[in-house]
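Report on one structure; see the data block that follows.
Just so it is clear, none of the values below were taken in a lab; they were calculated from the coordinates. Owing to the predicted nature of the structure, the values given are computational and were not obtained by experimental measurement. Please note: Cβ atoms are built from the backbone with ideal geometry, for glycine as well, and neighbour counts cover all protein chains shown.
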């Protein structure tokens with residue numbers, strides 16, 4: 001923009017050249033040296049552009065393919081997920097579109113199945129790498145204490161499903177697809193050692209754990225992985241919110257509560 005604007009705004013990857021006579025409009029916008037509207041538009045995919053913005057370099061063909069697979073795997077957690085349910089609740093009650101997405105971000109940001117869990121799992125990858133003894137020590141021991149900040153202390157190891165049971169089929173399918181694209185990364189190691197890690201954790205691998213391994217393999221930092229998880233999960237939340245707005249509140253999918261000690265049941269038996 002203007003010289004004063006350039007002196008105030010600092011960015012290592014974004015540069016703008018103003019339109020003549022209009023300092024509020026950019027004539028040329030460059031991302032990591034590439035002219036966005038001259039070099040990238042119509043030539044690069046959205047996933048490649050996303051990688052370029054965060055990593056400041058072009059992805060290889062394999063890296064772009066892996067990130068696209070991960071984006072599809074994360075795009076719609078489904079109506080069982082708290083972030084999607086929150087967005088659906090906002091949509092069905094007629095709230096503005098922004099409120100549905102903000103509800104999804106808020107409900108999907110935490111350390112139990114949310115984006116913060118991906119960050120914590122990536123930190124675990126940075127600590128343990130592909131060393132099975134290090135993973136066993138980390139998974140079998142108590143969770144390290146940390147300041148709660150915005151979320152309470154997590155008891156189980158990040159990246160593993162706290163609800164237990166066998167490893168879900170979509171988790172295994174996502175891991176296999178990513179490992180096939182990046183065979184020389186930690187994803188292949190995770191696929192080979194998954195059952196060993198699950199035994200150490202006492203829990204099955206979750207999609208958040210696969211996402212953490214993939215983001216690490218692609219060179220993203222934990223903070224970037226957390227941000228990408230929030231971003232990539234929004235399409236499903238948006239689609240469900242729009243659908244519920246059309247269906248109406250009378251068919252909204254409320255979760256059924258099975259009260260083990262329901263006073264109403266006792267009252268009904270006494271009256272009978």
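Return the calculated 222 nm mean residue ellipticity for the chain, to the nearest 500 deg cm²/dmol, obtained by summing -39500 (n - 2.57) across DSSP H runs with n ≥ 4 and dividing by the residue count.
-17000 deg cm²/dmol
Helix 46-55: angle to the longest alpha-carbon principal axis of the chain, degrees 0 to 90, nearest 10?
80 degrees
What order do you get for 84-96, 129-141, 205-217 when each peptide is scored by the mean count of other beta carbon atoms within 10 Å, highest first?
So the order, starting with the most tightly packed, is 205-217, 84-96, 129-141.
Report, to the nearest 10°, how far helix 234-247 tilts away from the longest principal axis of the Cα atoms in the chain, using its own Cα long axis and a range of 0 to 90°.
Around 60 degrees separate the two axes.
Based on other C-beta atoms within 10 Å, arrange 24, 220, 249 from fewest to most.
24, 249, 220
Using the beta-carbon distance between residue 93 and residue 224 and R0 = 30 Å, what value does 1/(1 + (r/R0)^6) give for FRET efficiency, to the nearest 0.05?
0.35
For the residues 35, 184, what sequence is obtained by ranking on other C-beta atoms within 10 Å, fewest first?
184, 35
How high is the FRET efficiency between residue 15 and residue 127 when r is their beta carbon distance and R₀ equals 30 Å, given to the nearest 0.05?
0.25
Looking at the calculated P(r) for segment 3-43, what percent of the C-alpha pair distances fall above 16 Å?
Result: 38 percent of Cα pairs exceed 16 Å.
Cα axis of helix 222-232 to longest principal axis of the chain: angle in degrees, 0 to 90, nearest 10?
Between the helix axis and the principal axis of the chain, the angle is about 80 degrees.
How much FRET efficiency would the formula 1/(1 + (r/R0)^6) give for residue 22 and residue 43, where r is the Cβ-Cβ distance and R0 is 25 Å, rounded to 0.05?
0.40
Within 10 Å, count the other beta carbons around each residue, average over each peptide in 101-107, 40-46, 72-78, and list them highest first.
So the order, starting with the most tightly packed, is 101-107, 72-78, 40-46.
Treating only the Cα positions of the chain as identical point scatterers, give the base-10 log of I(q)/I(0) from the Debye formula at each q in 0.12, 0.13, 0.15 Å⁻¹.
For the chain at q = 0.12, 0.13, 0.15 Å⁻¹, log10 I(q)/I(0) is -0.88, -0.99, -1.17.
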